[in-house]
Structure formats: structure tokens, C-alpha cells
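What follows is one structure encoded as C-alpha cells, with my remarks underneath.
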Amino acid sequence: MCTHCAMCCDGTKFAYVNVSPDEAPALAADFAISDDGGEPSFPQPCHYSVERRCEIYARRPITCRSYRCKTLSELRKELIAPEEARRRVDETLVARRAVSQLLQPGETLPLARKRRNTISSGSAPAVSDLRFMLALTALDLLVDRYFRANGETMFSRKAAGAIED
Ligand code: SF4
Ligand code: SF4
């Protein structure tokens, strides 16, 4: 399922991936590590996410090894069937593609969310801005529903969970 999705790597779900302070020095050669949030992290979209696959899968950071979104957790616990997990990913990817068509050149989803905030705090948005905001909000509702655990928001960082494999 994850190789069909990658939404926790490409900026759809997160803007940053936390890394442990112990691991940060070794990762600095491969990632733009910063301490902006009080904890070392690197930004998304991750440049190692290529065509929905992790190009450094065997040596990916601990956070990425242990992370489970809501749908993956439910699948592992057999609370949902593989078909339902795949349906959720497919539905969300359709919404993601709709947003992608409305992004500005070079704009990532984390940057698009900042733009949405700017538009919504201004006055009289253009029709194209409204279309963009609606598409992005529809995507965020699906990501909230299927991929964010209780308490996670669009501003949460990808953080380590319990390693299961
Ligand atoms: S953990 Fe969840 S969000 Fe991340 S790639 Fe897998 S299914 Fe997608
Ligand atoms: S290192 Fe791999 S698993 Fe981690 S965010 Fe980047 S592409 Fe995803």
C-alpha cells in the first residue's frame, strides 16, 4: 500500500520529519537538517521520495522506519481490509491530483497551505483562488479522515512511532 501512496513523504501529510538528536549528525550529509522546531528535522517533500518509492529505503531514518499513519495502523491491526486501505489511498490521491493542477510553478503542498492562509485572511479572493482553496480543503479533509491519528493536524511533524518490523 505505501508504495502506492507516499503521502507521508511527499508533503501531502507533513511539512517536516523529526529526527532524533542522536541520528541527526549522520543524516546531515543526506538531508537539510534544521533545529527550527526545537527538535532536529528535515523538510518535505523529501527528495528521496521518487515515484512514490523511498530511494534510500534500506537506510531511511528511524522516524520513517517506525512511522504508521492511521490507515496503515488500522490495516496492521486488521481493523480494515487491504481493499479498504487501497480505496482510501486511491480516493485521496484523486484529491491530491486535483490540487496539483492548481499549484503555482514549484509550489509544494506545505507552501500551498501557507498560500491558502494568506488568501483566506485577505479580501475578495478571485474565482481561481476559491477553486484552489476548495480543492486543498477537500484534500485536507480526506487526509484528516484517513491518514491522521487523533491529535495530529496539518501542522504536525512526522514523528517516530513504535517499530513493528
Ligand atoms: S504510512 Fe500511510 S501515509 Fe505513509 S505511505 Fe504508508 S499508507 Fe501512505
Ligand atoms: S527518507 Fe524515505 S521514507 Fe523517509 S521521508 Fe524520505 S522518502 Fe519517505
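The values are calculated or read from the model by the stated rules, or taken from the named source; none is laboratory data. Because the structure is a prediction, the values reported are computed rather than measured. As a convention, Cβ positions derive from the backbone with ideal geometry for all residues, glycine included, and neighbour counts pool all protein chains shown.
Would you pick out the residues in the stretch 1-30 that are of a type outside the set (Val, Ile, Thr) and within 11 Å of ligand 1 (Cβ to nearest atom)? Give the steps one after another, and end with the answer.
Filtering the stretch 1-30 for residues of a type outside the set (Val, Ile, Thr) gives 1-2, 4-11, 13-16, 18, 20-30.
Result: MET1, CYS2, HIS4, CYS5, ALA6, MET7, CYS8, CYS9, ASP10, LYS13, PHE14.
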- prompt: Are any of the residues in the stretch 5-14 in contact (Cβ under 8 Å) with a residue 40 or more places away in the chain, assigned to a strand (DSSP E or B) and either within 8 Å of ligand 2 (Cβ to nearest atom) or within 19 Å of the chain's Cα centre (by Cα) (or both)?
  reply: no
message: Any residue at all in the stretch 17-36 that's at pLDDT 95 or above, of a type in the set (Gly, Ala, Ser) and either surrounded by fewer than 16 Cβ atoms within 10 Å (Cβ to Cβ) or within 12 Å of ligand 2 (Cβ to nearest atom) (or both)?
response: no
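Could you look through the stretch 82-115, keep only residues that are of a type in the set (Lys, Arg) and more than 22 Å from CYS46 (Cβ to Cβ), and pick out the one that is surrounded by the most Cβ atoms within 10 Å (Cβ to Cβ)?
First, the residues of the stretch 82-115 that are of a type in the set (Lys, Arg): 86-88, 96-97, 113-115.
Still in the list and also more than 22 Å from CYS46 (Cβ to Cβ): 86-87.
On the way: ARG86: 16, ARG87: 14.
Once the filter is applied, the top-ranked residue is ARG86.
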query: Considering only the stretch 46-63, how many residues are touching a Cys at 6+ places or on another chain (Cβ under 7 Å) and either part of a loop (DSSP other than H, G, I, E, B) or modelled with pLDDT under 95 (or both)?
result: 4
- line: Cβ pairs under 7 Å, 6+ apart or interchain, first in the stretch 55-83 and of a type in the set (Asp, Glu), second surrounded by 14 or more Cβ atoms within 10 Å (Cβ to Cβ), ordered by first then second residue, are GLU55/TYR48; GLU74/ILE80
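Would you confirm whether or not the stretch 59-69 contains a residue that is exposed (fewer than 14 other Cβ atoms within 10 Å of the Cβ), within 16 Å of ligand 2 (Cβ to nearest atom) and under 20 Å from GLN44 (Cβ atoms)?
Initially, the stretch 59-69 is screened for residues exposed (fewer than 14 other Cβ atoms within 10 Å of the Cβ), giving 59.
Checking which are within 16 Å of ligand 2 (Cβ to nearest atom) leaves us with 59.
Still in the running and under 20 Å from GLN44 (Cβ atoms): 59.
Within the stretch 59-69, one or more residues are exposed (fewer than 14 other Cβ atoms within 10 Å of the Cβ), within 16 Å of ligand 2 (Cβ to nearest atom) and under 20 Å from GLN44 (Cβ atoms).
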- request: Output yes when any residue across the stretch 74-83 is touching a helix residue (DSSP H, G or I) at 6+ places or on another chain (Cβ under 8 Å), modelled with pLDDT of 95 or more and not aliphatic (A, V, I, L, M), and no when none is.
  value: yes
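Name the residues in the stretch 141-151 that are touching a residue at least 24 places away in the same chain (Cβ under 8 Å) and under 10 Å from THR92 (Cβ atoms), would you? Even if it seems obvious, please write down each step before you answer.
To start, the set of residues in the stretch 141-151 that are touching a residue at least 24 places away in the same chain (Cβ under 8 Å) comprises 142-143, 146-149.
Once the filter is applied, which keeps residues that are touching a residue at least 24 places away in the same chain (Cβ under 8 Å) and under 10 Å from THR92 (Cβ atoms), the stretch 141-151 yields LEU142, VAL143, TYR146, PHE147.
Being more than 12 Å from ligand 1 (Cβ to nearest atom) and surrounded by 14 or more Cβ atoms within 10 Å (Cβ to Cβ) is the filter here, so list the residues in the stretch 37-46 that pass it. Reasoning before the result, please.
Quick first cut of the stretch 37-46, residues more than 12 Å from ligand 1 (Cβ to nearest atom) only: 37-43, 45.
Hits for the stretch 37-46 are GLU39, PRO40, SER41, PHE42, PRO43, PRO45.
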